[in-house]
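S.K.: Structure in structure tokens, see below.
The values are calculated or read from the model by the stated rules, or taken from the named source; none is laboratory data. Please read these numbers as outputs of a predicted model, since none were measured by experiment. Backbone-built Cβ (ideal geometry, glycine too); neighbour counts: all protein chains shown.
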Amino acid sequence: MLVIQDVLISSDVVTEKFFCNLNACKGACCTEGDYGAPVDAVEMETIRQFQDIIVQNLPDRSKAYFESSDGFKYYDEPGIWGTDCHPDGACVFLTAGDDGIAVCGIEKTWYEKKIPFQKPISCHLYPVRISTNDIVSFEAWNYDKWDICSAACTKGQKEKMPLYKFVKDAIIRKKGKEFYDELDAAVQHMAENGSL
């Protein structure tokens, strides 16, 4: 366990190797699971603001869904707000490329420079998951191990890519470059001293 600023980071986040292999999994993390992508109030409001633009990039079943819903749902277990899902488990913001790989409709719209918001930070950081304790004001970052990501683990080993480096851009987006640099320095120090 590492402590960087106000964040407790599981050792798995820095020791495990990971590199998404979309050709193998086809973006299964967006189509399977018990609940949608966790979102906070600011993210929900931002996505709602650009919903009409985002919906243009979605398949017909999602367009029909958005005629009567805003895309979000409260999940009693684990007690979070998240993106809603179709009955088959696919995120309502999901579309697919010509290659059959799942594509986030929000991110696709962002890549097209039509909106300023990339996607929920929980998606950007995945498979790192954040849990919070508001009483003592800290975050805990853990590696969400899931068998659908086995190809990503294999590719990560081959590329020698630590998980925290794979999600570097997301960490910087969430906590800033100073936080990432502090994390990276701590990992390097631990590696040099054989404590990692």
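S.K.: Given the structure, is VAL103 within 27 Å of SER150 (Cβ to Cβ) and not aromatic (Phe, Trp, Tyr)?
M.R.: Numbers: within 27 Å of SER150 (Cβ to Cβ): yes; not aromatic (Phe, Trp, Tyr): yes.
It is true that VAL103 is within 27 Å of SER150 (Cβ to Cβ) and not aromatic (Phe, Trp, Tyr).
This table checks each residue for (1) surrounded by 13 or more Cβ atoms within 10 Å (Cβ to Cβ); (2) among the hydroxyl-bearing types (Ser, Thr, Tyr); (3) not assigned by TED's automatic domain parsing to the domain that holds GLY79.
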{"site": "PRO116", "(1), (2), (3)": "no, no, no"}
{"site": "ALA140", "(1), (2), (3)": "yes, no, yes"}
{"site": "LYS155", "(1), (2), (3)": "yes, no, yes"}
{"site": "LYS160", "(1), (2), (3)": "no, no, yes"}
{"site": "LYS175", "(1), (2), (3)": "yes, no, yes"}
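The rows are residues; the columns are (1) at pLDDT below 95; (2) in contact with an Asp or Glu (Cβ under 6 Å, 6 or more places away or on another chain); (3) within 22 Å of ASN23 (Cα to Cα); (4) among the aliphatic types (A, V, I, L, M).
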{"position": "ASP84", "(1), (2), (3), (4)": "no, no, no, no"}
{"position": "PRO87", "(1), (2), (3), (4)": "yes, no, no, no"}
{"position": "ALA96", "(1), (2), (3), (4)": "yes, no, yes, yes"}
{"position": "GLY100", "(1), (2), (3), (4)": "yes, no, yes, no"}
{"position": "VAL103", "(1), (2), (3), (4)": "yes, no, yes, yes"}
{"position": "TYR111", "(1), (2), (3), (4)": "no, no, yes, no"}
{"position": "PHE117", "(1), (2), (3), (4)": "no, no, no, no"}
{"position": "ILE121", "(1), (2), (3), (4)": "no, no, no, yes"}
{"position": "LEU125", "(1), (2), (3), (4)": "no, no, yes, yes"}
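S.K.: Among VAL103, VAL187, which is within 22 Å of GLN49 (Cα to Cα), of a type outside the set (Phe, Trp, Tyr) and either outside the structural domain of LYS63 (by TED's automatic domain parsing) or not in a loop (DSSP other than H, G, I, E, B) (or both)?
M.R.: Working: VAL187 fails: within 22 Å of GLN49 (Cα to Cα).
Of VAL103, VAL187, the one residue that is within 22 Å of GLN49 (Cα to Cα), of a type outside the set (Phe, Trp, Tyr) and either outside the structural domain of LYS63 (by TED's automatic domain parsing) or not in a loop (DSSP other than H, G, I, E, B) (or both) is VAL103.
S.K.: In addition: Give ALA96, ALA90 a once-over and let me know the one that is under 16 Å from the mean Cα position of the chain (by Cα), surrounded by 12 or more Cβ atoms within 10 Å (Cβ to Cβ) and of a type in the set (A, V, I, L, M, F, W, C). Can you show your working first?
M.R.: Details: ALA96 fails: under 16 Å from the mean Cα position of the chain (by Cα).
Being under 16 Å from the mean Cα position of the chain (by Cα), surrounded by 12 or more Cβ atoms within 10 Å (Cβ to Cβ) and of a type in the set (A, V, I, L, M, F, W, C) holds for just one of ALA96, ALA90, which is ALA90.
S.K.: Do we find that ASP70 is under 16 Å from CYS25 (Cβ atoms) and among the acidic types (Asp, Glu) in this structure?
M.R.: Values: under 16 Å from CYS25 (Cβ atoms): no; among the acidic types (Asp, Glu): yes.
Criteria not met by ASP70.
S.K.: Determine the pairs where a residue that is free of Cβ contacts under 8 Å to residues at least 12 places away in the same chain, located within the range 158-186, has a partner that is in a helix (DSSP H, G or I) with Cβ atoms under 7 Å apart, the partner being 6 or more residues away or on another chain.
M.R.: ILE172/TYR180
S.K.: Next question. Can you tell me which residue within the range 1-36, out of those that are in contact with a Cys (Cβ under 7 Å, 6 or more places away or on another chain) and at pLDDT 95 or above, is surrounded by the most Cβ atoms within 10 Å (Cβ to Cβ)?
M.R.: Only one residue fits best here, namely PHE18.
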